[in-house]
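The values are calculated or read from the model by the stated rules, or taken from the named source; none is laboratory data. Remember, it's a predicted structure, so these values are computed and weren't measured experimentally. Don't worry about glycine lacking a Cβ; one is built from the backbone with ideal geometry, like all the others, and counts go over all protein chains shown. Accessible surface is based on the protein model in full, side chains and every heavy atom, while ligands, DNA and RNA are left aside. Shrake-Rupley method; radii C 1.70, N 1.55, O 1.52, S 1.80 Å.
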Amino acid sequence: MNFDKDARYLESHEWAKKDGELVACGVSDYAQDSLGDIVFVELPELGSSFNKGDAFGVVESVKAASDVYMPISGEIVEINGDLEDSPETVNSDPFGAGWLIKVKPSNPDELEALLSADDYKRFTDGLDS
Amino acid sequence: MAYIANSDQDRAKMLTAIGVGSIQELFDDIPKSLRFPELGLPAPYSELDCMAELESLAVENLSTGAAISFLGAGAWNHFIPSVVPFLAGRGEFATAYTPYQAEASQGTLQSVFEYQSMISELIGMEVVNASHYDGSTSLAEAAMMSVNVSRGKRKKVLVSGGVHPEYRRVMQTYLQAMEVELLGINESSSPSPEAFLEAGGNPASTYAGDPRAEVEALAKAADENTACVVVSSPDFFGRVIDLDGIAEQLKPKGVLLVVNTEPISLAVFRDPGSYGADIVTGEGQPLGIDLSYGGPYLGIFGTRKDLVRKMPGRLAGATVDTEGSRGFVLTLNTREQHIRRDKATSNICTNQALMALRAAIYLTAMGPEGLKRVAEICYHRSHYAAERINELPGYSVPDLGAPVGGAQPQSVFFKEFVVRTPRPAKDLINELAEEGIIPGLDLGRYFPGRRNELLIAVTEMNSRLEIDALVEALEEQS
Amino acid sequence: MRKERPKLLFEISRPGRRAVRLPENEVPETEIPAGLRRKKLTLPELSELDVVRYFTRLSQLNFSIDTNFYPLGSCTMKYNPKLNEATSSLEGFSGHHPLTPMKFSQGSLELIYRLQAQLSEISGFAQASLQPAAGAQGELTGVLMIRAYHTHRGDTKRRKMLIPDSAHGTNPATVTMAGYEVVEIPSDTEGNVDLQALKAACDDTVAGLMITNPNTLGLFERRIEEVTKAVHDCGGLVYGDGANMNAILGILRPGDVGIDVMHFNLHKTFSTPHGGGGPGAGPVATNEKLVEFLPGPIVEESADGFRFHMPKHTIGRMKAFHGSFGMLVRAFTYILSNGGSGLRELSEIAVLNANYLKHKVSEVFPAKYNRTCMHEFVSVGKLSDRVHTMDVAKRLLDYGMHAPTVYFPLIVKEALMIEPTESESVETLDEFAAVLLKVAKEAEETPELLEQAPHEMPLRRLDEVYAAKNLVLRAQDLAEVEL
């Protein structure tokens, strides 16, 4: 199981990472592993705005559909269009090519309040026991 | 007991094996004072007595087999080829469960796939689900889906007065908790269920003018708060509506066009996909399903592929096995209640699979030419009947352009038409039924202002002789 | 030998073949306006023998009650008596149009009336409505009735419906459709509703509770009366999901323990065939509190015979016409055949069979909760890190046994839910137990045999991921994706 050291996490298994002025978001390795083969990703409309904790999309495998939540408030300025044809990228590279959205944060400080990689790892260890 | 295998000896042996003294002990968890109530039901009937009892009830009904019937209005007396009940009655189909274990259910799954394929062709939609309970619940779920497509933001559903009054009532039941308003033309607010019932049905359905003009008005009235416009074609009164250009008017406003249709008519009339419908529903009963006093029937439901994830109901899809052979599975299950629970597209679980199978067998047996022939016979014979009745003194058929109560434009109808009668339709029906003819439906049943109107359905089951007998009987009543 | 699977209809269709001879038109023709005319219709063209052979071969690819043991938990796959098929096929019923005037429909109306009374008697309620077409629709009916009841009393702040975490997915999905929020109540260590948690959740925003009893673990809620009282005390009503009614016919009447409204699954408890997924029928019954909110029409007896009637504050119609009538005829026939005493015997033996089977497989597949079960029990199917419940399920198919329900209820990881029903003989139960134990042994010795199962079926294991990604949902799509 990988835990990207540069990313911050939610307990609902999303990650957020600084990308210049923007914040990239996706789902963790732990999340993709427990969902299994991902067959569909539903992403929000460009230009829409969400608050931290809002559901912005859905990641679907054959056995589960999971809402994904905003790690940070802001406007959606990029979505990962490649996932439409190859949603399995979320499985193979969840922290890289499998990113979901890029957000222009309305309150960049929110990022620091999220779980660190170590804290998130400890949290997931607790889930499996 | 006939339906239990284990004898008293078996039972004793089993109790010993599990170490329990009596069967009663297995129920110790149940509140003692309430355990084993005496049920006020008769003693078991023998198979002979049971059959006799049911036969004695069945003969009390004036069925289509015992009468000359022109009843339609949502359920029609159509020919059912012998292969349909024979094949659908096979235990391997009838006594299987939902195909959760795909490898042990390929018969059901492939037949559902064939059903989806043939209905898709018929209604002109890219995706067809494995069925709903009947036409009315399909339509209600289509309205709900439209609201869900707008992510719950649009709270109005505009409904044509040509929609079956019972369907509209079912939509009202389904939508009552979603705070969605069902509105017709000239309705400023959704009538309460009570008011709706007191009106005897759909308050907007006294509408008898040009159905195309009504749909145009609905399309114009649709706004950014409207989830969909719901139209029926053929409508409740049998009229086929020209819906060309309506979808184009709705699309810029983000409003979906939902069309409820009748499947046999689509053998000769344009499919709703050809004029841009977003969701198509219909009652599949004409496709080889018994009248059976209203059910079980078949709810047809189809939509565009880009809306498939918002669609309710089960779906069969093709796939491969580990050796690369083609097979079928239930797919996109994540939309459904057993996975998505409170976020599912609908709560539907059990559907009408065996009825969908009947429809698949029916369409296969009929083929394109057979289905077209049935549709053409319905069309020609209903027009023959309408023309003849229109000539009778005291009767008129408005859809033929009859000048009753002002100029009425001519409408196209498929197999049903409205007849204005010289006496209350209810009285006519009661008198003719004594002679073994059910001349149609009393429109006063749904619309208090239309007591002197009959809705007559003519299908391939009504020979020219039967039609002539009806005309003669009506003439005697004028 | 693996059976040959038929091709699809469009692959065997040949232009000009016909299966049905239709009558002549007999009357003058009327022109269809060109603008409304359909241009092209493509359907399969087959001879009658082609049609019969195609669908017969398809049928032979199915497992069914008539051909296989089918211990699918929660689905009550009991024998479907053929007498029911005979009675429902009587032309007086099958050819009866739903809009026939009531005067000429007295047979069907009487049957509905009597079945309403029978179901009320069996469940301990005042009145039943046979409108709902399936269990899930019965649930929607009941929750809408509860909603209408509160609204009618001007009590509009109730927004929540309590649901145990062991519930069927239809319960929460229904609650959403009925405009309420779901509040999940955990289960306790005995597999029953956690009474403390329930009591803590009960307040004046609670519309009610949906409860399945026996629950989906196959266990009876021992403190059912305390459960219903807690909900009533906060002003809520209790909905009973009748999915597991097959355990308690003539044993307990849900109306006697504080349930206010419930549905029956006629296709489970009352032996109507499941048809590969439907049709079902989901009548609801209720007590005096909710009688006037029932969906209609329901049938009442009057001086002029039987007639339809709409309850005063009805939530409306659930479907067009009068319910899934053909299924009602079958259920009515079944109730007559069994009588009051016979119904109780059915439940007794359903419970005996389940406890016997639970005992027979307990060494390898012990029930998750070690209590006397009702009509079904839940074990864990996962046998090792390599062999999961799904593998066990697929291997059972190779032995001609349908798999139990798997991965449900959700509160038991890798659940294997087994319901033998009363129909099966002790020999069949012994055979199934032996096969299940043999499969467990295979899992130890040759796990790949299970991982790759099934081996003896018409197809090997099917790829659900491929299906979900490619979405080939009709034969027309095969032009784009080659399969």
Cα lying deepest toward the dipole's positive end in the stretch B:84-361, options B:Gln337, B:Ile241, B:Gly288, charges on Cβ: B:Gln337
task: For C:Lys368, list the aspartates and glutamates whose Cα falls under 18 Å from its own Cα; do not include residues on the same chain fewer than 8 positions away.
output: B:Asp29, C:Asp165, C:Asp188, C:Glu190, C:Asp194, C:Glu221, C:Glu376, C:Glu414, C:Glu419
- line: Cα-Cα longer than 20 Å, checked against B:Lys155/C:Lys319; C:Lys82/C:Lys103; C:Lys360/C:Lys382; C:Lys289/C:Lys312, kept in input order, equals B:Lys155/C:Lys319; C:Lys82/C:Lys103
field: Electrostatic dipole magnitude of the stretch C:346-466 [Cβ: Lys, Arg +1; Asp, Glu -1; Cα centre; debye, to 20]
entry: 360 debye
- request: Mind checking which aspartates and glutamates have their Cα closer than 12 Å to the Cα of B:Lys372? Skip sequence neighbours fewer than 8 apart in that chain.
  value: B:Glu460
field: Inter-part distance where the stretch C:104-124 and the stretch B:226-251 are each reduced to a Cα centre, Å
entry: 40 Å
query: Between B:Glu476 and C:Arg53, what is the FRET efficiency for a Förster distance of 41 Å, r being their Cβ-Cβ separation, to the nearest 0.05?
result: 0.20
query: Residue-wise, which Karplus ³J(HN,Hα) couplings in Hz belong to the stretch B:159-176, taking 6.51 cos²θ - 1.76 cosθ + 1.60, θ = phi - 60°, and x for glycine or proline?
result: 10, 5, x, x, 6, 3, x, 6, 5, 4, 5, 5, 4, 4, 4, 5, 8, 4
- request: Could you work out how far helix B:425-434 tilts from the main Cα principal axis of chain B, as a 0 to 90 degree angle to the nearest 10?
  value: 60 degrees
- prompt: Other chains' Cβ within 10 Å of C:15-22 residues: what's the mean?
  reply: 6
message: Please report the accessible area of C:Lys40 (heavy atoms, 1.4 Å probe, ligands and nucleic acids excluded) in Å², nearest 10.
response: 140 Å²
message: Distance between the C-alpha centers of the stretch C:48-75 and the stretch B:310-336? Whole Å please.
response: 19 Å
Farthest positive-ward along the stretch C:84-337 dipole, Cα basis, beta-carbon charges - from C:His232, C:Ser94, C:Thr141: C:Ser94
field: Within straight-line cross-link reach of B:Lys153, lysines at Cα separation under 17 Å, skipping those fewer than 8 residues along the same chain
entry: B:Lys251, B:Lys253, B:Lys310, B:Lys343
- prompt: Which residues in the stretch C:360-399 have a backbone N closer than 19 Å to a point placed 7 Å from the Cα of A:Met1 along the Cα-to-Cβ line?
  reply: C:385-386
query: What average number of partner chain Cβ atoms lie no more than 10 Å from the Cβ of the residues making up C:384-396?
result: 1
field: Exposed GluC sites (Glu not before Pro) absent - longest run of chain C, DSSP non-H/G/I/E/B, at most 12 other C-beta within 10 Å
entry: C:32-287
message: Please state the shape class of the stretch C:346-466: rounded when a/c is under 1.5, otherwise prolate if a/b exceeds b/c and oblate if not, all from the C-alpha gyration tensor.
response: prolate
- prompt: Among B:Asn77, B:Tyr115, B:Ser478, whose Cα sits farthest toward the positive end of the charge dipole of chain B (+1 at Cβ of Lys/Arg, -1 at Cβ of Asp/Glu, about the Cα centre)?
  reply: B:Tyr115
- prompt: Between the stretch C:446-483 and the stretch C:422-437, what's the alpha-carbon centroid distance in Å?
  reply: 30 Å
query: If you place +1 on the Cβ of every Lys and Arg and -1 on the Cβ of every Asp and Glu, how big does the dipole about the Cα centre of the protein assembly as shown come out, in debye to the nearest 20?
result: 760 debye
field: Peptide C:343-350 - average C-beta neighbours from other chains (10 Å radius)
entry: 4
- line: SASA check, B:Ser292, accessible area w/ 1.4 Å probe, all protein chains in place, rounded to nearest 10 Å², comes out at 10 Å²
message: Between C:Ala479 and B:Lys251, what's the calculated FRET efficiency when r is the beta-carbon distance and R0 is 35 Å? Round to 0.05.
response: 0.80
field: Solvent-accessible ranking of A:Lys5, B:Lys310, largest area first, probe 1.4 Å
entry: A:Lys5, B:Lys310
task: Order the following by accessible area, largest value first: A:Trp15, B:Trp76. Probe radius 1.4 Å; ligands, DNA and RNA are ignored.
output: B:Trp76, A:Trp15
query: Which angle from 0 to 90°, rounded to the nearest 10, does the C-alpha axis of helix B:135-149 make with the longest principal axis of chain B?
result: 90 degrees
message: For a Förster distance of 35 Å, can you work out the FRET efficiency between the beta-carbons of C:Lys39 and C:Arg18, rounded to the nearest 0.05?
response: 0.95
query: Hey, got the dipole for the stretch B:84-361? About the Cα centre, +1 on K and R Cβ, -1 on D and E Cβ, debye to the nearest 20?
result: 720 debye
- prompt: Given a 1.4 Å probe and the protein chains all in place, what does the accessible area of C:Ser425 round to, in Å² to the nearest 10?
  reply: 30 Å²
